Every structure is written in structure tokens, then in C-alpha cells.
Amino acid sequence: MSEALIKAGLAGELEPGSEEFERFVDLTARRPSGPEGVSHYRDPKDHYKSFQLAVRLLALRADDVYLELGFGGGQLLKMALGKVLRVAGIDHSP
Ligand SMILES: C[S@@+](CC[C@H](N)C(=O)[O-])C[C@H]1O[C@@H](n2cnc3c(N)ncnc32)[C@H](O)[C@@H]1O
């Protein structure tokens, strides 16, 4: 059911705390997977503003090593790579 609601853009209909809601959070955030997960995290347009803020606040220097836990599609890692020479990340999502 979660997959159908997500596809229909109706995830807001899920009851917070319900099994379906938890499944939605798993699929979209905790461990994204499937075509929707790939297509969202490949180019997470709604995240770029916070990515830019994070990069600015971190004030990275070229000799810093940037480590990101839960990097998703890696777009913030890519931005950090514009500031430092070495980046690394880990993510448990396939
Ligand atoms: C909400 S997504 C955000 C992804 C990315 N940081 C972004 O803003 O586009 C959270 C990411 O953290 C990863 N993640 C969550 N818990 C994790 C864990 N315990 N170990 C590794 N990766 C984890 C998920 O697989 C997912 O890719």
C-alpha cells in the first residue's frame, strides 16, 4: 500500500506511527530503495538548499577529509569534493 500511495503522491494520508507510515519512512528515508528511491536521491532537488548551507557552514579547507554518513545519492559528497581533495562516505541503502 505504501508504494501505491507514494506513487500517487498521497503519502501525507498515512497515519504517523502506523505500520504503513513506518514503511513509508523506511522506503523513502531510512533505507531508500526501488526506482522511486533511485530517481529521488540521484537528484534530490529539495535538498540542495540545505546542502549549500551545510557546505558553507562547514567552511571546508582543501586539506580537510570530508566523511558523510548516509550519503544517499552522493550529491552533497560531490559538492564537498569541490572544496576538499578527499571525501568518503557510507550508506546502507542498495
Ligand atoms: C533521508 S536519506 C538522505 C540522503 C542524503 N544525505 C540526502 O540528503 O540526499 C538518509 C540516508 O541515510 C542512509 N542511512 C540511514 N541509516 C543508516 C545507517 N545506519 N547506516 C548507513 N546509512 C544509513 C539511508 O540509506 C539514506 O540514504
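The values are calculated or read from the model by the stated rules, or taken from the named source; none is laboratory data. This structure is a prediction, so every number in the text was calculated from the model and none was measured. Note that each Cβ is placed from the backbone with ideal geometry, even for glycine, and that neighbours are counted across all protein chains shown.
Count, please, the residues in segment 10-40 that happen to be free of Cβ contacts under 8 Å to residues at least 40 places away in the same chain and closer than 28 Å to residue 79 by Cβ.
To start, the set of residues in segment 10-40 that are free of Cβ contacts under 8 Å to residues at least 40 places away in the same chain comprises 10-30, 34-36, 38-40.
Retained after the next criterion (residues that are closer than 28 Å to residue 79 by Cβ): 11, 24-30, 34-36, 38-40.
The total comes to 14.
Only residues in segment 59-73 that are over 15 Å from residue 30 (Cα atoms) and without any contact (Cβ under 8 Å) to a residue 60 or more places away in the chain count as the first member; pair them with residues that are surrounded by 11 or more Cβ atoms within 10 Å (Cβ to Cβ) and charged (D, E, K, R), Cβ under 6 angstrom, at least 6 apart or cross-chain, and list the lot.
Short answer, once both residue conditions are applied: 60/83; 65/86.
Within segment 47-94, which residues are among the acidic types (Asp, Glu) and out of contact with any helix residue (DSSP H, G or I) (no Cβ under 9 Å at 6 or more places or on another chain)? Before the answer, list the steps.
Narrowing segment 47-94 to residues among the acidic types (Asp, Glu): 63-64, 68, 91.
Correct list: 63, 91.
Here are the criteria: (1) modelled with pLDDT of 95 or more; (2) away from the ligand (no atom under 11 Å from the Cβ); (3) within 15 Å of the chain's Cα centre (by Cα). Tell me which single one residue 50 does not satisfy.
With (1) modelled with pLDDT of 95 or more; (2) away from the ligand (no atom under 11 Å from the Cβ); (3) within 15 Å of the chain's Cα centre (by Cα) applied to residue 50, the lone miss is (2).
Show the residue pairs meeting these rules: Cβ distance below 7 Å; 6+ apart or different chains; first residue within segment 80-94 and in the same structural domain as residue 61 (by TED's automatic domain parsing) and touching a residue at least 40 places away in the same chain (Cβ under 8 Å); second residue among the charged types (D, E, K, R) and near the ligand (Cβ under 9 Å from one of its atoms).
Note: pairs meeting the criteria are 92/31; 93/31.
Which condition number does residue 50 fail, the rest of (1) closer than 20 Å to residue 4 by Cβ; (2) of a type in the set (Ser, Thr, Tyr); (3) without any contact (Cβ under 8 Å) to a residue 24 or more places away in the chain being met?
(1)
Which residues, taken from segment 77-86, are within 13 Å of the ligand (Cβ to nearest atom) and in a strand (DSSP E or B)? Give the steps one after another, and end with the answer.
Looking only at segment 77-86, we keep the residues that are within 13 Å of the ligand (Cβ to nearest atom), and these are 77-80.
None; the set is empty.
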